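Taken together, the values in this text are just the output of simple stated rules run on the coordinates, not laboratory data. This one's a predicted model, so the numbers in the text were calculated from it and none came from an experiment. Positions of Cβ are generated from backbone atoms using ideal geometry, with glycine treated the same way; all protein chains shown enter the neighbour counts.
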Amino acid sequence: MIRFLLWTLLCLLGVAGAQTFALSPTAFNMDPARTNTAQVRMDNTGDAPMTFQLEIRKWSTENGQHVYTPTRDVVVNPAQFTLEPGKSQVIRVGLLKKAGNEELAYRVFVRQVPTADVPSQQNNEGNVGLTLRQLVQVSMPVYVAPASSAPKLSYGLRLQDGKVMLDLTNAGNRHLTLRDVNVVAGEARLSLGNAAVLGGSTLSLPLTLDALPTSAELVYSDMNGEERREPLRLP
C-alpha cells in the first residue's frame, strides 16, 4: 500500500498542513478476456472527513504530450463520496465498450471538495483577506490490456525549436511505466521522475541541456525495481 502525504501552503505561507490517505492498488488493471471491472480501495488515515468527486477521462498521447478527453467508454462508482477518518471506500470502474487487441487507457481524477471541515489558513492585512484550503487532487490510471499485448520501447534525443527533447517511443500495444527516469550525458545527470508511455505513441520530454550531447544514456527502474540502462539514439 502506498501512502500519499499531501503538503500544501508550505511554499505560499511557510506553513505546512497535511492530510494523509492511502490507495491500494494505485491503478485499475483489467484483462478484458477475464473481467470488465476493476477496483481500488481508498483509506482516510487522517483525522478529518474528506469529500471527493471523481471523473474519468480517456487517456491518449498527441504530439508527444498526454491528452485527456471526455469518454463514455468507462464508468466510475461512486462518483462522489465522503470518507470519514479511519474509514475506507472501494472505488470501482467498469468498461462499457468491447476491447480489441490494443490496450485501452483512461485516468480517474479524484478531487477533494472544499467543505467547512477542511482546515484553512487565513492571512489578513488591512482589508485584504486570504483563505487557502488544503485540497487533495490525484489521478489513477485505468489500463485495459489483453494478455497478448506487450510494450516495445526505443529511446532518442533530438532538437526541437532549439530545445533538446527526449523521445520515448512505444511501438508495442501495451503501456510501459519507467520509474526514476534519468538522462546521463557526460557530467550531467537530469532527473525526470516517472514516465508512462502508452502503446503506439511517443512521449516527448524537454531536457535542460544547452546542446545535443555526443553520447547519452537513459537510466531508469523497471516495474520490478531493477535498474535499466539504455543508450540514447542521436540524430
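Kindly state, to the nearest 0.05, the FRET efficiency for Thr82 paired with Asn224, given R0 = 45 Å and r defined as their beta-carbon distance. Walk me through the numbers before you get to the answer.
Numbers: r = 37 Å, r/R0 = 0.83.
So, using R0 = 45 Å, E works out to roughly 0.75.
Compute the FRET efficiency between Leu96 and Gln160 as 1/(1 + (r/R0)^6), taking r as their Cβ-Cβ distance and R0 = 45 Å, and round to the nearest 0.05.
Working: r = 38 Å, r/R0 = 0.85.
In this case the efficiency is close to 0.75.
Tell me which of Leu212, Thr169, Gly200 sits at the most positive position along the dipole axis of region 153-231, charges placed on C-beta atoms (Lys, Arg +1; Asp, Glu -1).
Going by the charge dipole, the pick is Gly200.
Mind checking which lysines have their Cα closer than 20 Å to the Cα of Lys97? Skip sequence neighbours fewer than 8 apart in that chain.
Within the straight-line cut-off, Lys97 pairs with Lys58.
Using 0.36 nm times the number of residues separating Thr208 and Thr37, minus their current alpha carbon distance, what extension gain do you get?
Answer, rounded to one decimal: 57.4 nm.
What size of dipole, in debye to the nearest 20, comes out for region 31-100 about its Cα centre when the only charges are +1 on Lys and Arg C-beta atoms and -1 on Asp and Glu C-beta atoms?
Working: 9 positive and 7 negative charges, 78 e Å.
Here region 31-100 has a charge dipole of around 380 debye.
Determine the distance separating the Cα centre of region 34-86 from the Cα centre of region 186-227; give it in Å without decimals.
For region 34-86 versus region 186-227, the Cα centre distance is 28 Å.
Using a Förster distance of 22 angstrom, determine the FRET efficiency expected from the C-beta separation of Ser215 and Leu153, and round it to 0.05.
Working: r = 19 Å, r/R0 = 0.87.
Efficiency, rounded to the nearest 0.05: 0.70.
Counting other C-beta atoms within 10 Å, and keeping those with at most 16, which DSSP coil trypsin sites (Lys or Arg not before Pro) do you find in region 18-82?
Values: sites: Arg34, Arg41, Arg57, Lys58, Arg72; in loops: Arg34, Arg72.
Listed in order of number, the matching sites are Arg34, Arg72.
Would you kindly state how much longer the chain becomes between Thr115 and Ser139 on full extension, computed as 0.36 nm times their sequence separation minus their alpha carbon distance, in nm to one decimal? Don't jump to the answer; show the numbers that get you there.
Working: separation 24, 0.36 × 24 = 8.64 nm, distance 2.07 nm.
Taking Thr115 through Ser139 to full extension adds about 6.6 nm, to one decimal.
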